[in-house]
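Participant: I have a structure I would like to understand better, so I am pasting it below and will then ask my questions one at a time.
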Amino acid sequence: AEDSYVLAQEIFARLGDSQGQSNTLQGLGDVYYHQSKFSQAEESYAQAREIFARVGNDQGQGNALKGLGCVYCYQSNYSQAEESHTRAQEIFARLDDDQGRASTFNGLGDVYYHQSKYSQAEESYVLAKEIFARLGDNQGLSNALQGLGDVYYNQSKFVQAEESYGLAQEIFARVGNDQGLGNALKGLGCVYCYQSKYSQAEESHTRAQEIFARLADDQGRASTFNGLGDVYYCQSKFSQAEESYAQAQEIFARVGNDQGRGNALKGLGWVYCCQSEYSKAEEAYTRAQEIFARLGDDQGRASTLTGLGDVYRLVSKYSQAEDSYTRAEEILARLGNDQARANTLSGLGIAYYLQSKYSQAEESHTRAQEIFARLDDDQGRASTFAGLGDVYRIQSKYSLAEESYTRAEELFVRLGNNQARANILHVLGEVYLLQFKYSQAEDSYTQAHNVFALLDNNQGRAYMLMRLGNVYQLQSKLSEADDSYNRAQEIFAVLGDDLRRAHTLRRIGHLRGEQGRSAESAPHYTEARELYAQLGRMEDVQDVSNRLAEVSPDDDPPVPGSFVS
């Protein structure tokens, strides 16, 4: 197509046929645009517009301006894009060209969408959808539905997003538009990922990936690599996620799509953060932040600021974390993105908690909780109830902590999130223990142990057995305590967790004394002392040695100076 248009354009230029020359330049611009050759597309559309204007062809001028608007939008030159589409819109309105009007409404929707102006984008796409439906233009209608799906998705309106993408997919498939079909499948993949429907998400992105590969559409391929990265990340498949995001970032860099590159770097930041590679995460988020700032993409800026807040919090740079979260929350409040805002407030609450700013922590978690409740986001509500429980527990507000943890546990049960449920049951047991509610503590630890067993989490099982041993001991259920401690230390031995094994052995030594079997304490204290010495925990060595001296006076004391007092 490119060769034919170039040849035709040369002939028309030689013949002095301005109309023919401008039409071929317009066609050439379309070809370049669909190949992501944006500088060549811009040049062709600009030349076509100039000729159309000179010969008084308003229809052609409107089409050329529309083309320029699309190019400018892809280059993130949003003010020029809006101006071009608006001028085209005025021409088409004057010509009573509903087809042209609808196309420019679609184009304006894209411009607003990429600037996170979602209400304006939605209004533009709806106008385009209505006109296309009236004209019976399925191609235009499906494009408008695709745009609406993108807007709804970014507003966390997942039901409407799924409906829009689904309708778009049906139309694209019916009219044989593979490009559109790939985009709709990609959108559905994003929705399914957010709904935790990971197998459907992966299938949708993979089908889209195959279509884009067949079309040699690098932009589409990169976008689906990004989407697959999200799916793998949400399932904690970090090596696959890293590979997908890296491939996306490489392609976006090659084709000059800064928006996509920023998103891929943001994804890499998530992965590095979860793998405790904090310097890499900070670098990825910072590079993404710089790109989004340059593009004027407030949504991207807010997202990377939240990511940086997470990194700073995890490396104990709390003032920087607080600053990043606060700036992100302000942007998200302005954009009306409640889902992301609630997540950011939750992170801010944790940062305040770690700085012992408990009233601010409570306020942040409560605000997040209210937003999650309004969005019917049970996962978010459960997490903030857990955060509030931590805040109340550290302040010895045990009844409030108990209430918050219990509500979190109920939500995690409903969600089927067993790992989170086991963790909550553990801390709930600690709250009961602090209130001397031994039977309830015993019940919570037992439930947590059973859930950890279901998850095949032996570390969690062993720790719950150790806590159960402590509760039984406090209730003078000495045989049950003995059984729990011994089972715990056996699992710690298999896991190679020498510190917790030493702690458990020391507890068994104490228990033997309570059972009136002090002579049997010595082997447990001796083994614990050896483990503490290997770990360099000399204060614990001294404590166990003192205990050992009480039950076995003939035992050799530790070498003077081999421990710290």
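The values are calculated or read from the model by the stated rules, or taken from the named source; none is laboratory data. Every value quoted in this text rests on a predicted model; they were computed, and no experiment measured them. Positions of Cβ are backbone-derived with ideal geometry, glycine not excepted, and every protein chain shown enters the neighbour counts. The area values use the complete protein model at the heavy-atom level, side chains included, leaving out ligands, DNA and RNA. Shrake-Rupley method; radii C 1.70, N 1.55, O 1.52, S 1.80 Å.
Participant: Calculate, axis by axis, the spread of Cα positions in the range 10-55 along the three principal axes, and write the results as whole Å, longest axis first.
Facilitator: Each principal axis gives a Cα extent; for the range 10-55 these are 30, 20, 11 Å.
Participant: Just to be sure I follow: if Rg is taken over the C-alpha atoms of the range 449-554 and Rh is the Kirkwood radius over the same atoms, what is Rg/Rh?
Facilitator: Across the range 449-554, the Cα-based Rg/Rh ratio is 0.99.
Participant: Continuing with the same structure: What is the diffusion coefficient of the range 324-371 in µm²/s, taking the Kirkwood radius over Cα pairs and the Stokes-Einstein relation at 20 °C with a viscosity of 1.002 mPa s?
Facilitator: 208 µm²/s
Participant: Could I ask something else about it? Could you give the size of the charge dipole of the range 139-282 about its Cα centre, using +1 on the Cβ of each K and R and -1 on the Cβ of each D and E, expressed in debye and rounded to the nearest 20?
Facilitator: 80 debye
Participant: Shifting gears a bit: Might you tell me the accessible area per residue for the range 422-563, computed with a 1.4 Å probe and given in Å²?
Facilitator: Heavy-atom accessible area per residue stands at 47 Å².
Participant: When only alpha-carbon atoms count, how far does the range 227-279 stretch along each of its three principal axes, as whole angstroms with the largest first?
Facilitator: 29, 23, 13
Participant: Still on this structure, I have one more. Give the separation of the Cα centroids, the range 423-471 to the range 159-174, in Å.
Facilitator: 47 Å
Participant: Report the net charge of residues surrounding Phe385, where surrounding means a beta-carbon distance below 13 angstrom and charges are Lys +1, Arg +1, Asp -1, Glu -1.
Facilitator: Result for the neighbourhood of Phe385: -4.
Participant: Return, for the Cα atoms of the range 160-267, the radius of gyration and Dmax in Å, separated by a comma.
Facilitator: Using the Cα atoms of the range 160-267, the pair Rg, Dmax is 13.1, 38 Å.
Participant: Where the centroid of each part is defined by its Cα atoms, how far is the range 216-262 from the range 487-529 in Å?
Facilitator: For the range 216-262 versus the range 487-529, the Cα centre distance is 51 Å.
Participant: Also, quick follow-up: Run through all the Cα pairs of the range 97-170 and give the fraction in each 10 Å bin from 0, expressed as whole percent.
Facilitator: 25, 55, 20, 1
Participant: Where Rh is the Kirkwood radius over the Cα pairs of the range 382-489, the temperature 25 °C and the viscosity 0.890 mPa s, what D in µm²/s does Stokes-Einstein return?
Facilitator: The calculation lands on 179 µm²/s.
Participant: Can I ask one more? Could you grab the relative contact order for the chain? Cα pairs under 8 Å, six or more apart, rounded to a whole percent.
Facilitator: 5 percent
Participant: Treating only the Cβ atoms of Lys and Arg (+1) and Asp and Glu (-1) as charged, compute the dipole magnitude of the chain about its Cα centre; round to the nearest 20 debye.
Facilitator: The calculation lands at about 380 debye.
Participant: Something else: Can you list, bin by bin at 10 Å, the percent of alpha carbon pairs in the chain, starting at 0?
Facilitator: Cα pair-distance distribution for the chain, in percent: 4, 14, 21, 20, 15, 10, 7, 5, 3, 1, 0, 0.
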